[in-house]
Amino acid sequence: MDRQLVASSNVASIGYDEASATLEVQFLNGAVYQYFNVGSELHTQLMASPSKGQFLHAYIRNAYPYSRVG
């Protein structure tokens, strides 16, 4: 999945696959997680958020199933 670099103190890059509704997040420590069943509107809101880390923590981290992939 292609990821876009983002300006964040915790997140390095974010990718999204609309066909599978999968959000992929690479953190600055190198860990990569995929979050499943994430709607495209939520991805749009995440990308527009001034704080990617806070948005992930508040709306995605404990709300969607995920898997560490890297």
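The values are calculated or read from the model by the stated rules, or taken from the named source; none is laboratory data. From a predicted model like this one, the values you see are computed outputs, not experimental measurements. No Cβ is skipped: glycine too gets one built from the backbone with ideal geometry, and neighbour counts run over all protein chains shown. Accessible surface areas use protein heavy atoms only, side chains included; no ligands, DNA or RNA. Shrake-Rupley method; radii C 1.70, N 1.55, O 1.52, S 1.80 Å.
Computed values, structure above
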| item | result |
| --- | --- |
| Unit charges on C-beta of K, R, D, E only; dipole of the chain, Debye | 280 |
| Accessible-area composition of the chain, carbon plus sulfur, in percent [1.4 Å probe] | 46 |
| Per residue accessible area in Å² of the chain, where ligands, DNA and RNA are left out and the probe is 1.4 Å | 60 |
| Hz values of 3J(HN,Hα) by residue in region 10-27 - Karplus curve (6.51, -1.76, 1.60), Gly and Pro given as x | 10, 10, 8, 7, 9, x, 8, 10, 5, 4, 9, 6, 10, 9, 10, 10, 9, 8 |
| Correct option for Kirkwood radius over Cα pairs in Å [calculated from the coordinates] among (i) 14.1; (ii) 11.8; (iii) 12.4 | (ii) |
| Within region 1-64, chymotrypsin sites (Phe, Trp or Tyr not before Pro) in DSSP loop having at most 14 other beta-carbon neighbours inside 10 Å | PHE36 |
